[in-house]
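Contents: one structure, followed by commentary.
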Amino acid sequence: MMMRMGEMGAQLGSVIASVMFVCTIFRQYLPLQLRYYVDKYSHKLVKLFYPYIQITFDENTNEFRRRSEVYSAIQSYLSTKSSTIVRRLKAHDVKDSKSLVLSMDDNEEVTDEFQGIKVWWVLVKRVPQQTSFSFYPQSDEKKHYKLTFHRHHRDIVTGAYLDHVIKAGKAITVGNRQRKLNVNNPSQNWYTYRGTMWSHVVFEHPATFETLALHPKKKEEIVNDLIKFSKGKEYYAKIGKAWKRGYLLYGPPGTGKSTMIAAMSNLMNYDVYDLELTTVKDNTELRKLLIDTPSKSIIVIEDIDCSLDLTGQRKKEKEKDEEDKEEKDPVKKKMEKEDSQPSKVTLSGLLNFIDGIWSACGGERLIVFTTNYVDKLDPALIRRGRMDKHIELSYCCYEAFKVLAKNYLDLESHELFETIERLLGETNMTPADVAENLMPNSVTEDADSCLKNLIEAIETAKEEARKKAEEEEASKKAEEEAKLKAEEEAKLKAEKEEKEKEQSVKDEVKCNGTSAK
């Protein structure tokens, strides 16, 4: 029996080889008109005996130098399966990834199962031949994933299965990647070779809500709000709103506004996009920057009250020096002129950026504004719907101090805490100042000395505040006295002028009477 099977296999192999040879000869020597019919009917013949369908996913899209997001998602999805099944693996040091990524080697096959259906994945690599001259360097190799499955399962594989693969792959990518801190580039650099709208560095800020110097109830409220937002895709679609949320962080300098943003990023695992309005030329560029920010991102404009001053800029006349009189290269002169022009971003453009039609391009974004002077902001900018949640970060309270004491000194209680609680209730001191005094200045300094330093600093701040208040009171009193004195002098002057006017009238009447006689 085994002999017969071997003979049949050998015969089948020879038949296939003969058919392939004959097809090659036909394709080479048949006229073009006949090749079409041969290919057409040969494909129909293959369909009768080969019940499998194949789908290829190329590594690169049609856009120049752009990697396919679908290919990357498939690679991440298969990396979890190939690392336990495939014998030949490749280790990749992927940019922005926390660790090495293992994937299957070229021409390796991975079997996957979904709802009882088996599918096969193969990574195919081919080396293209240079057929034409090009100024751009071509890749040495091109890769694609090939998916094979039975034609009876076409609808499930092309629908639910591929959707599952892409979603799972993207989730794995997000879990493995490192967070990034992005800043927008000047627009003249966008269209250069390898130019991008945003530049980034790895974001490794250690701040968390556990280490944030804030009242526990307020922290819990903010964390719950953020978690609810991250799970609210269906809810936002239901109520007909773009999946975004605005946060306004306001308070005196040193109260932890930037630290709060870092804690948000670490909690949500979102990238931070620090938008610098001074480099944005106009509202059109602002919209382009918004479109280029992906989901799961925090768009930050710090010190928005200072940035908004730029929206009302007027051209200032500058003195011309001797160099301006010299002739310059027209292109260079134009670039210098564009660089010297102030930003034309308007308040209206910023409002549309936050809450207009373009804000719905993409989802799962947080928009955060920070300011030291909330009263300076236009009410339209911070109304509900744009800045949905207003968070005041004020001076250090006793609960925030206990968090700092735990962070810096590993203390949860101490005999000096009662004194510090009383002083903090009487004096305004920012968390940054409290933290600076809690930090040991040398290896020999212990917790007791740090707490005593803090008490001394609070008492000094209290005394300075008292002196400042007395000076302000004295200044106010002096201003009031000066005002009263000025009013009294003005009153006396008016009375004197009135008397002089009356006397002048009397003299004139007397003079007229004498003349009549």
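Observations, loosely collected:
- Matching option when the condition is surrounded by fewer than 21 Cβ atoms within 10 Å (Cβ to Cβ), closer than 27 Å to Pro431 by Cα and at pLDDT below 90, among Glu210, Glu276, Glu221, Glu285: Glu276
- For the stretch 250-278, filtering for residues that are among the polar types (S, T, N, Q) and more than 20 Å from Asp433 (Cβ to Cβ) leaves 4.
- If you go through the stretch 418-430 and keep only what is without any contact (Cβ under 8 Å) to a residue 24 or more places away in the chain and either in contact with a helix residue (DSSP H, G or I) (Cβ under 8 Å, 6 or more places away or on another chain) or not assigned by the TED database to the domain that holds Lys462 (or both), you end up with just Glu421.
- Subset of the stretch 408-448 that is farther than 24 Å from Leu393 by Cα and in a helix (DSSP H, G or I) - its residue that is most open to solvent (accessible area, probe 1.4 Å): Asp448
- Some residue of the stretch 115-125 being farther than 19 Å from Thr56 by Cβ, modelled with pLDDT under 80 and of a type outside the set (Val, Ile, Thr): no
- Across the stretch 245-257, not a single residue is classified as touching a helix residue (DSSP H, G or I) at 6+ places or on another chain (Cβ under 7 Å), farther than 28 Å from Ser394 by Cβ and open to solvent by 40 Å² or more (accessible area, probe 1.4 Å).
- For Gly175, the test of being at pLDDT 85 or above, surrounded by 10 or more Cβ atoms within 10 Å (Cβ to Cβ), under 36 Å from the mean Cα position of the chain (by Cα) and over 14 Å from Ile53 (Cβ atoms) is failed.
- You will find that of Glu221, Glu204, the residue that is out of contact with any helix residue (DSSP H, G or I) (no Cβ under 9 Å at 6 or more places or on another chain) and touching a residue at least 12 places away in the same chain (Cβ under 8 Å) is Glu204 and no other.
- In this structure, Thr293 does not qualify as within 21 Å of Ile382 (Cα to Cα), in contact (Cβ under 8 Å) with a residue 12 or more places away in the chain and either open to solvent by 20 Å² or more (accessible area, probe 1.4 Å) or outside any helix (DSSP H, G or I) (or both).
- Test for Lys506: is it part of a helix (DSSP H, G or I), modelled with pLDDT of 85 or more, more than 39 Å from the chain's Cα centre (by Cα) and farther than 25 Å from Pro252 by Cβ: no
- Residue that is surrounded by the fewest Cβ atoms within 10 Å (Cβ to Cβ), among those in the stretch 382-407 that are aromatic (Phe, Trp, Tyr) and assigned to a helix (DSSP H, G or I): Tyr398
- The listed residues are Ser265, Ser359, Ser340, and the only one of them that is crowded, with 18+ Cβ neighbours inside 10 Å and modelled with pLDDT under 80 turns out to be Ser359.
Yes or no, residue by residue, for (1) acidic (Asp, Glu); (2) closer than 24 Å to Phe401 by Cα; (3) in contact with a Gly (Cβ under 7 Å, 6 or more places away or on another chain); (4) assigned by the TED database to the domain that holds Glu364:
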residue: Glu210; (1), (2), (3), (4): yes, yes, no, yes
residue: Gly232; (1), (2), (3), (4): no, no, no, yes
residue: Ala237; (1), (2), (3), (4): no, no, no, yes
residue: Met264; (1), (2), (3), (4): no, yes, no, yes
residue: Asn283; (1), (2), (3), (4): no, no, yes, yes
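- Residues of the stretch 362-381 satisfying the condition of being in a helix (DSSP H, G or I) and open to solvent by 10 Å² or more (accessible area, probe 1.4 Å): Val374, Asp375, Lys376, Pro379, Ala380
- Number of the exception - Lys315 against (1) over 30 Å from Thr208 (Cβ atoms); (2) modelled with pLDDT of 80 or more; (3) assigned to a loop (DSSP other than H, G, I, E, B): (2)
The values are calculated or read from the model by the stated rules, or taken from the named source; none is laboratory data. Values in this document were obtained by computation on a predicted structure and should not be read as measured data. Glycine gets a Cβ as well: all are built from the backbone with ideal geometry, and neighbour counts include every protein chain shown. Surface areas here come from the heavy atoms of the whole protein model, side chains and all, with no ligands, DNA or RNA. Shrake-Rupley method; radii C 1.70, N 1.55, O 1.52, S 1.80 Å.
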